[in-house]
Amino acid sequence: MRSHYCGQVTEKLENKNVTISGWVHRRRDHGGVIFIDLRDKEGLVQVVVNPDNAEKFAKAEKVRSEFVLTVQGTVLGRTAETINPKMNTGKIEIVADNIEILSTSAPIPFQLDDKTISEEVRLTYRFLDLRREEMQQVLRTRYQITRTMRRFLDDKGFMDIETPILTKSTPEGARDYLVPSRTHQNKFFALPQSPQLFKQLLMMSGFDRYYQITRCFRDEDLRADRQPEFTQLDIETSFMGEEEVMQIMEELVKTIFSEVGSINFEYDFPRITYADSIRDYGIDRPDLRIDMKLVDVADLLQDIDFKVFAGPAKDPQGRVAALRVPEGGKMTRKEIDDYTNFVSIYGAKGLAYIKVNKLADGLAGLQSPIVKFFPEQALEVMARVGAEDGDLVFFGADKAKIVNEALGALRCKIGEDLAMLEKDWAPVWVVDFPMFELDEQTARLAAIHHPFTQPKATTEEILNHKAPEQMLSKAYDLVINGLEVGGGSVRIHDTDMQAAVLKLLGISDKEANDKFGFLLNALKYGCPPHAGMAFGLDRLVMIIANRDSIRDVIAFPKTQSAACMLTEAPGLVDNEQLSELDLRFRKPIKE
RNA sequence: GGAGUAGUAGCUCAGAUGGUUAGAGUACCUGCCUGUCACGCAGGGUGUCGAGGGUUCGAGUCCCUUCUAUUCCGCCA
């Protein structure tokens, strides 16, 4: 049915007979001659149908968009006036000897070259949406990335091993997707949030280097960069520490960017500690494409007669920080109001600012509703943040968490709005994460990474630590352009240390045994030191393919309510199925 | 759970202040056309104005409820 792909018929094949098959991209009927652009995965080629044969011509007249055809014909060079420089195959055309209609098509609900189609329509007809060149290209990029990952890891002695999809609910972490068991009454499987425990067990089994490109499931609300089922490149190694894992993972990422995106990082990825990242950027996944930092000014403003600033400045839990926007003085009142509105999302009660008109004029050169509250300190603050004429300096003063989130987000928003991105790519390792965080509602400690991460402390120190929330862990995240693309840690390989961590987390022996006793048990039988990492494949593809949404790099994604527009999943099931599972609804089904 | 935005023809959208028969482009259909490549020309409207309720003499427009999509907050070890 095919001697060549449409997109690969070039002038080299002139005067040759070819057979091509594909979809009718467009038909132009001139009455006496009909042009058909035929499309397959390699591209488009123009087919010319002349009226020299009535049967053939009649078929061409019947043809419509998206019909599937096989065309036999002769490749001919176009005359100079009819060459189409916009097409790769524009120097030639195929003069049809014979046309076969393999499949007709109803009028399609949207035109493939229309770039303004709503996502709702695209997802409902995803099989058509995926015909678009753009989507074909993205999925090809995705495949090239996974292929590169596999080759890189295979060459380094990593082995691909599958782990169960039907598994057990884990403590903490995200909400599980549950699957009722028919053979075990009242019991449920959980879909894995990640193969974390299995890959640790594989290390204990002696496989030494494991990887898997695998689906993970988390039943939480969606975002542009979050789907309830997503794909991870999951990796674990034995007898490697933080440094070795980070090095090999960095090499992997560089290889992917180089081979798939022709982007070459000729430097070591910078590293930043969690604490520094929060201090300078307000967030643990800093976008280093933007050259602005938060600057602490609390020490200068503790004693002023302006409670909005002085209060948080004196509060150990508070923070007063400034964000200097170079040349931000051009901002209008409305723009500033919009930013004030923006930070309110994060709980900020306001957004103070100082416009720097002319520093040489001293206080008179500063334009601001708040300078009058601290005339003595204002210039010192300006010096601290490095303000120059024409700048605008924003201030956040509140609980540290609020200031960090508000100014951190503001920094990125302004960076984008004012086109302040200084480079295309900014990878960075974030290291020295705290081991625990204090849950404000329950006042309990929770693991920031997961409870199997090794703290930077001995078992003794873990048990006797006076401020466990200050303890660091051997965890690391890889952040690119403000997006967390991967994270990992050194794991605990010692029974006593694992018990100590679980104890701090307030997980009882019984609970630990119920939920992952198999892991604790395995730890007893010779566990190698091991460490690993997992990459969010979808995010990595998104960033390399330069898309704004993870949905654009997944063939069949879910909507924000975790539904599939195409299959209309999730759906109702038969009563018979429910009764086999011994399940019943607590409320009547709404029609 | 919360905040914002959107929902009118197959698609993308217009439709101040409530007013007669709801429009445009495109797609589609019919006819014409032998060099187009977003072909062109002439003609044709194919509609549950997301759904339900309310106000009104009268609702695409106002009010309430609700559904869907999307962005964000919470959530996501």
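With a 10 Å Cβ neighbour count serving as the proxy for reagent exposure, in which order, fewest first, do A:Tyr346, A:Tyr125 appear?
A:Tyr125, A:Tyr346
Bridging of A:Lys12 to lysines at a Cα separation below 24 Å is possible for A:Lys41, A:Lys86, A:Lys91, once same-chain residues fewer than 8 apart are set aside.
Compared with the dominant principal axis of the Cα atoms in chain A, helix A:333-344 is inclined by about 80°. Between A:Met240 and A:Ala531, the built amide H atoms are under 5 Å apart, and every one of these is 5 or more places off in sequence or on another chain. Take every Cα pair under 8 Å whose residues are at least 6 apart in sequence, average their separation, divide by the length of the stretch A:256-374, and the relative contact order is 16 percent.
The angle between the Cα long axis of helix A:375-385 and the main principal axis of chain A comes to about 50°, on a 0 to 90 degree scale. For the stretch A:376-459, trypsin sites (Lys or Arg not before Pro) are listed when DSSP marks them as loop and at most 10 other Cβ atoms sit within 10 Å of their Cβ; the list is A:Lys423.
Find the eigenvalues of the gyration tensor of the Cα atoms of the stretch A:384-497, then list the square roots of 5 times those eigenvalues as equivalent ellipsoid semi-axes, largest first, in whole angstrom. Kindly include the intermediate steps, with their values, before the conclusion.
Working: eigenvalues 244, 71, 28 Å².
For the stretch A:384-497, the ellipsoid semi-axes come out as 35, 19, 12 Å.
Against chain A, whose longest principal axis is taken from its Cα atoms, helix A:242-261 shows a tilt of about 30°. Label zone (A:Asp303, point 7 Å along Cα-to-C-beta; backbone nitrogen cut-off 12 Å) within the stretch A:367-392: A:377.
Here chain A carries DSSP beta bridges of which approximately 95% are antiparallel, counting only pairs with both residues inside. Within the stretch A:460-530, the ratio Rg/Rh, alpha carbon atoms throughout and Rh by Kirkwood, equals 1.04. If you take the square roots of the eigenvalues of the alpha-carbon gyration tensor of the stretch A:191-342 and sort them as a ≥ b ≥ c, do you get rounded (a/c under 1.5), prolate (a/b over b/c) or oblate? Prolate is the answer for the stretch A:191-342, as a/c is 1.5 or above and a/b outweighs b/c.
Stokes-Einstein at 4 °C, 1.567 mPa s, Kirkwood radius from Cα pairs: D for chain A in µm² s⁻¹? Approximately 45 µm²/s, per Stokes-Einstein. For the stretch A:237-311, chymotrypsin sites (Phe, Trp or Tyr not before Pro) are listed when DSSP marks them as loop and at most 13 other Cβ atoms sit within 10 Å of their Cβ; the list is A:Phe239, A:Phe265, A:Tyr267. Of the two radii for the stretch A:108-212, the radius of gyration is 1.13 times the Kirkwood radius, both from the alpha carbons; that is the Rg over Rh value.
Summary value for the stretch A:34-109: 37 percent relative contact order, contacts being C-alpha pairs under 8 angstrom separated by 6+ residues. Normalising the average separation of contacting C-alpha pairs (under 8 angstrom, six or more residues apart) by the number of residues puts the relative contact order of the stretch A:156-237 at 30 percent.
Close amide H contacts of A:Leu288 (hydrogens built in the peptide plane, cut-off under 5 Å, sequence separation of 5 or more or a different chain): A:Asn481, A:Gly482. Within the stretch A:38-187, the ratio Rg/Rh, alpha carbon atoms throughout and Rh by Kirkwood, equals 1.17. Each 10 Å bin from 0 upward holds the following percent of the Cα-Cα pairs of the stretch A:1-109: 16, 53, 29, 2. Sparse packing (at most 16 other Cβ atoms within 10 Å of the Cβ) combined with a DSSP loop state is found for the following chymotrypsin sites (Phe, Trp or Tyr not before Pro) in the stretch A:518-591: A:Tyr525, A:Phe585.
Remark on A:Val47: its backbone amide H falls under 5 Å from those of A:Ile36, A:Asp37, A:Leu38, A:Ile94, a criterion applied only to residues 5 or more positions apart or on other chains, H modelled at 1.01 Å from N.
Computing FRET efficiency as 1/(1 + (r/R0)^6) for A:Ala383 and A:Gln470, where r is the C-beta to C-beta distance and R0 is 25 Å, gives about 0.20.
Here, each number is a calculation from the coordinates, and none is a lab measurement. Since the structure is predicted, the reported quantities are computational estimates derived from the model, not experimental observations. Don't worry about glycine lacking a Cβ; one is built from the backbone with ideal geometry, like all the others, and counts go over all protein chains shown.
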